[in-house]
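> Pasting a structure below so you can have a look.
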Amino acid sequence: MSKSNFFTGQPIFSQLLKFIPRQIISRISLDLQADRYCKRFSTYDHLVCMLYGVFNHCTSLREITTGMLAWENRLLHLGVRHHPRRSTISDANNRRNAAVFESIYMKLFERYGHFLSDSRGKSNGSRLYIFDSTTITLFQEVLKAAGTTPANGKRKGGIKVHTLIRSDQDVPCMVRFSPSAANDMRFLKDIHLPKGSLVVFDKGYNDYNAFNRFTAEGISWVTRLHQHLVYKVLEDNPVSEVQCRKGVIDDQQILLGVDYKPNKPKVKARLVTFIDDSGKVFEFLTNNFRLMPATIAAIYKKRWQIELLFKRIKQNYPLKYFLGDSENAITIQIWCALIADLLLKIIKKGSKTNCSFSNLAAMVRLHLMTYIDLFHFLKHPEKTLLKKIQQQPIAPLLFSP
């Protein structure tokens with residue numbers, strides 16, 4: 001085969017793994033003793049197998065093992081020396097702590113987070129954080145589910161993923177897990193941001209202690225008013241005609257927590273009442289008294305970005321079928337899906353391709369073990385594949401007499 005700029009000696013999967021430095025995995029494995037008592041199946045091998053299942057949308061351990069066995073002659077390119085068995089992967093999912101994969105993701109985020117920041121980071125994007133949660137339904141009640149038991153008595157569990165993202169990066173910078181029946185607001189205490197930051201979250205996170213802590217730390221927060229909150233109006237701020245034309249109805253300074261006992265926390269906040277083009281009325285809470293009221297409404301509207309993140313992850317990665325029935329195995333699979341998402345975001349940003357994220361994920365999945373240069377392929381998929389085919393020698397056709 002003649003040499004070409006479009007050919008590479010590594011499959012696409014191996015090129016993706018190049019963005020995960022081996023020394024990071026070795027250091028984490030040593031610190032957390034993740035490879036203790038392991039003879040063959042190291043943390044790196046475990047990560048490669050799980051990422052193979054994520055990229056290929058494998059719904060069972062058999063699909064992972066048979067799929068990798070079909071490409072056994074290319075496993076050395078991935079750094080895997082031994083073909084894993086189903087029992088080996090299953091035991092590792094139950095035994096190896098999910099904190100190992102969390103540490104790998106966070107190290108990769110620290111390494112590539114600045115690269116993912118887009119042009120919005122020059123203004124408010126680098127200071128705007130969004131916090132919310134999404135629920136992933138499980139096949140059985142491994143974790144306690146929310147709601148009532150169905151009529152058929154078959155109750156499924158659910159895991160809730162509490163996620164914090166920075167607006168200009170569009171990947172999680174903090175993730176916490178809980179049963180779907182757990183209360184959301186207790187996770188606000190885990191958020192620690194630089195002074196001057198702005199965090200947006202839904203009305204389910206109404207923790208007064210966290211509100212006061214954010215204010216003391218110089219962090220602005222924006223949320224919606226919960227229907228059951230009781231407050232006292234301290235002052236009515238004047239609303240200009242320009243703000244009225246933008247949909248602002250009212251702007252008030254209020255005191256939350258007036259229905260509590262004297263020793264309970266109280267929060268001084270600002271209540272902005274806004275009406276959108278469809279006539280729906282929204283009430284926004286914030287501790288920022290300097291921004292224009294229409295700006296508060298516009299900031300909360302950006303919360304929709306995290307919903308698009310949840311949609312992207314659920315649509316492009318296999319989170320309907322889990323490869324283990326323990327909480328640890330489920331958490332490992334979610335972390336590996338987040339690692340895969342981070343790698344594809346890096347590839348998309350670096351290749352500057354115009355294709356959508358779902359198309360990019362599909363092309364990587366279909367050509368995961370193909371020997372072709374990843375960045376050339378993503379820039380000109382058809383052209384690159386045709387070049388590769390034309391460079392291959394044509395085998396003579398054999399006809400039987």
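The values are calculated or read from the model by the stated rules, or taken from the named source; none is laboratory data. Note that the structure is a prediction, hence the values are computed from the model and not measured. Neighbour counts are summed over all protein chains in view; Cβ atoms, including those assigned to glycine, are modelled from backbone coordinates with ideal geometry. When the accessible area is computed, the model is the full protein with side chains, heavy atoms only, and any ligands, DNA or RNA have been set aside. Shrake-Rupley method; radii C 1.70, N 1.55, O 1.52, S 1.80 Å.
> Quick one: which residues, 5+ away or cross-chain, put their amide H under 5 Å from the amide H of residue 173? H built at 1.01 Å from N.
The list, which skips near neighbours in sequence, is 164, 165, 166.
> Give the carbon-plus-sulfur fraction of the accessible surface of segment 1-111 in %, rounded to a whole number; probe 1.4 Å, heavy atoms of protein chains only. If you can, show how the numbers build up before the last one.
Details: 2790 of 6000 Å².
Carbon and sulfur together cover 46 percent of it.
> Please list 281-287, 236-242, 20-26 highest first by mean number of surrounding beta-carbon atoms within 10 Å per residue. Write down the numbers at each step before the final one.
Details: 281-287: 18.4, 236-242: 11.1, 20-26: 14.4.
My ranking of the peptides, most packed first, is 281-287, 20-26, 236-242.
> Divide by every residue of the chain the summed helix terms, -39500 (n - 2.57) for each DSSP H run of at least 4, and state the resulting mean residue ellipticity at 222 nm, rounded to the nearest 500 deg cm²/dmol. The partial results should precede the final answer.
On the way: 14 runs with 156 residues, N = 401.
So the helix-based figure for the chain works out to -12000 deg cm²/dmol.
> Quick one: net charge around residue 255, please, counting Lys, Arg +1 and Asp, Glu -1 for every other residue with C-beta under 9 Å from its C-beta. Intermediate values should be presented prior to the final figure.
Details: positive: 232, 266, 268; negative: none.
Counting the neighbours of residue 255, the net charge comes to +3.
> Next question. Quote the charge dipole size of the chain about the Cα centre in Debye, to the nearest 20; the model charges only the Cβ of Lys and Arg (+1) and of Asp and Glu (-1). Write down the numbers at each step before the final one.
Working: 58 positive and 33 negative charges, 164 e Å.
Dipole magnitude for the chain comes out near 780 debye.
> When the accessible area of segment 253-394 is split by element with a 1.4 Å probe, what percent falls to carbon and sulfur? Working shown, then result.
Details: 3870 of 7070 Å².
Answer for segment 253-394: carbon and sulfur cover 55 percent of the accessible area.
> Moving on. Output wanted: per-residue J couplings in Hz (rounded whole) for segment 37-53, from phi through Karplus 6.51 cos²θ - 1.76 cosθ + 1.60, θ = phi - 60°, x for Gly and Pro.
These are the phi-based 3J(HN,Hα) values: 6, 9, 8, 10, 7, 7, 4, 5, 4, 4, 5, 4, 5, 5, 5, 4, x Hz.
> Also: Would you list the P(r) distribution for segment 153-227, with all Cα-Cα distances sorted into 5 Å bins from 0 and each bin expressed as a whole %?
Per 5 Å bin, starting at zero, the Cα-Cα P(r) for segment 153-227 comes out as 3, 13, 23, 24, 18, 9, 4, 3, 1, 1 percent.
> Here's something else I'd like to know. Which of the following values of log10 I(q)/I(0) by the Debye sum over Cα atoms at q = 0.11 Å⁻¹ was calculated from the structure shown: (i) -0.92; (ii) -0.83; (iii) -0.75?
(i)
> Let me spell out the model: positive unit charges on the Cβ of Lys and Arg, negative unit charges on the Cβ of Asp and Glu, origin at the Cα centre of segment 244-343. What dipole size does that give, in debye rounded to 20?
Values: 16 positive and 10 negative charges, 71 e Å.
The dipole magnitude comes to about 340 debye.
> Could you tell me the accessible area of residue 307 in Å² (1.4 Å probe, neighbours in place), rounded to the nearest ten?
Approximately 50 Å² of residue 307 is accessible to the 1.4 Å probe.
> For the chain, what does the relative contact order come out to in percent, with C-alpha contacts under 8 Å and a separation of six or more?
Numbers: 594 pairs, mean separation 83.4, N = 401.
For the chain, the relative contact order is 21 percent.
> What residue among 194, 50, 247 has its Cα farthest toward the positive end of the dipole of the chain, where the charges are +1 on Lys, Arg and -1 on Asp, Glu, each on the Cβ?
50
> Can you give me the accessible area per residue for the chain, using a 1.4 Å probe, in Å²? Walk me through the numbers on the way to the answer.
Numbers: 20970 Å² over 401 residues.
Result: 52 Å² per residue.
> Something else: To the nearest 0.05, what FRET efficiency results for residue 349 and residue 195 with a Förster distance of 30 Å applied to their C-beta separation? Numbers along the way, then the final one.
Working: r = 28 Å, r/R0 = 0.94.
Step by step, r from the Cβ atoms, then E = 0.60.
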